[in-house]
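For reference, the structure is listed below as structure tokens.
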Amino acid sequence: MFEDVGVFERVGEATDVVRKEMYDFEDKGGRRIALRPEGTASVVRAWIQHRATLPFKAWYVAPSFRYERPQAGRYRQHHQLGVEALGSDDPDLDVEVIGLAWGLYRDVGLTRVRLLLNSLGDATCRPGYLEALRSYLLAHRGELCDEHKARIEENPLRVLDCKRESCVRVTADAPRMIDYLCDACAAHFTRVREGLGELGIAFELEPRLVRGLDYYTRTTFEFQAPALESAQNGIGGGGRYDGLAEQLGGPATSGIGFGIGIERMLLACDAEGVFPAPAGAVDVFVVDVTGSAALRLVDELRQAGLRTDRAFDGRSMKAQFKLADRSGARFAVVVGPDELERGIAKVQSLTSNDKAEEEVKLSEVVDHVKGRLALR
Ligand code: HAM
């Protein structure tokens, strides 16, 4: 959960995730510590430290902390299911890693996942592209949003990621990295696309996909769930980071991986109706206006294994029915002074349209409700 803050500062000084959103503090020993905002840099740091045999493949489920503005699907603590593979720059490994995430979404039951794909080039071709992008953005500086007017020099790629209308309009015609790829990066990207095609994985090229962290090279990708609000519809993403190990002080070692946002993936599942509606927590609700019958009745129903609830504080019949509805109970067992005198209760369905009451002897309420629950 903790990491030396320097690990993230080395890899992402120009990104919001590190600059603005990272929780960091000094511990009692004077060490500067970060709550991890993500898992990749830590896995690579651990590999440099312990030098497991290559290729090295790791997976993790871990909390990530980012000081973001909390809203639906954007939290200050979220969880990622991540995969990292170090030690090969073979494009077939890119396909394998993307295919793994793709299969996971499919196995969970999601059917409407979009895969966006881009290449960010490498140290050979990216500088030339950044220069072209920088000149283009400087020529249109006045049309950009205030934040990005000031950040062109520092990191022009970030402007491509801006969702504000003014920036989106300018960057629509901006130079595209895929037009600047060197031969090696272009060949790599071609093989990745071919491989995805061979596995029947549908993707869309998105030349403006830059991702929120700076360590990416070559293949980058993002999975989106169209069923979610567009600002939070990224349910996972990743890419290649062939320069990261070196940046962290280790030997040059290529790598690729992804992180799936578990909360967002579950939100997408809800939006697609992947999981059946949860069964109510309560089977039966005892509505008692005698003030005394509920105690025993609830006890008997619970002893029989039925999930039973009731109201307290002598509430009105109407108020008790409201609580019964809210509890999600399937049946109400109703006892008033009249019923009590006759030794009966009225049993009524709360979930079907047929709200007809059935009179049942108090001694038979348990069996009656059990029978009706079993029928459904
Ligand atoms: P990321 O795109 O920053 O990439 O995060 C991965 C996923 O975590 C996102 O697609 C999203 O589903 C989820 N996520 C991110 N921030 C939040 C948040 N504030 N609230 C809820 N969910 C969130 C990474 O972190 C890279 N380490 C992925 C990677 C692995 N690249 C290579 N290997």
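The number of residues in the range 263-288 being part of a helix (DSSP H, G or I) and either among the charged types (D, E, K, R) or surrounded by fewer than 17 Cβ atoms within 10 Å (Cβ to Cβ) (or both) comes to 6. Has the range 227-239 got at least one residue that is within 30 Å of C182 (Cα to Cα), of a type in the set (D, E, K, R) and outside the structural domain of V347 (by TED's automatic domain parsing)? No, the range 227-239 contains no residue that is within 30 Å of C182 (Cα to Cα), of a type in the set (D, E, K, R) and outside the structural domain of V347 (by TED's automatic domain parsing). Right, R45: more than 30 Å from A227 (Cα to Cα), basic (K, R) and out of contact with any helix residue (DSSP H, G or I) (no Cβ under 7 Å at 6 or more places or on another chain) or not? No: the conditions fail for R45.
G328 falls short on exactly one of the conditions (1) closer than 14 Å to R372 by Cα; (2) under 37 Å from the mean Cα position of the chain (by Cα), and that condition is (1).
The set of residues from the range 257-313 being touching a helix residue (DSSP H, G or I) at 6+ places or on another chain (Cβ under 8 Å), without any contact (Cβ under 8 Å) to a residue 40 or more places away in the chain and farther than 17 Å from V365 by Cβ comprises just one member, A311.
Scanning the range 220-252 for residues that are under 25 Å from the mean Cα position of the chain (by Cα) and acidic (D, E) returns E222, E229.
Yes/no per residue for (1) free of Cβ contacts under 8 Å to residues at least 12 places away in the same chain; (2) crowded, with 17+ Cβ neighbours inside 10 Å; (3) among the β-branched types (V, I, T); (4) more than 16 Å from the ligand (Cβ to nearest atom):
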{"residue": "P175", "(1), (2), (3), (4)": "no, yes, no, yes"}
{"residue": "C185", "(1), (2), (3), (4)": "no, yes, no, yes"}
{"residue": "R191", "(1), (2), (3), (4)": "no, no, no, yes"}
{"residue": "E194", "(1), (2), (3), (4)": "yes, no, no, yes"}
{"residue": "G197", "(1), (2), (3), (4)": "yes, no, no, yes"}
{"residue": "P226", "(1), (2), (3), (4)": "no, no, no, no"}
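State yes or no: is K20 in contact (Cβ under 8 Å) with a residue 40 or more places away in the chain, loosely packed, with under 14 Cβ neighbours inside 10 Å, more than 8 Å from the ligand (Cβ to nearest atom) and not assigned by TED's automatic domain parsing to the domain that holds R211? Yes; evaluated as a whole, the condition is true for this residue.
The values are calculated or read from the model by the stated rules, or taken from the named source; none is laboratory data. Please read these numbers as outputs of a predicted model, since none were measured by experiment. Neighbour counts are summed over all protein chains in view; Cβ atoms, including those assigned to glycine, are modelled from backbone coordinates with ideal geometry.
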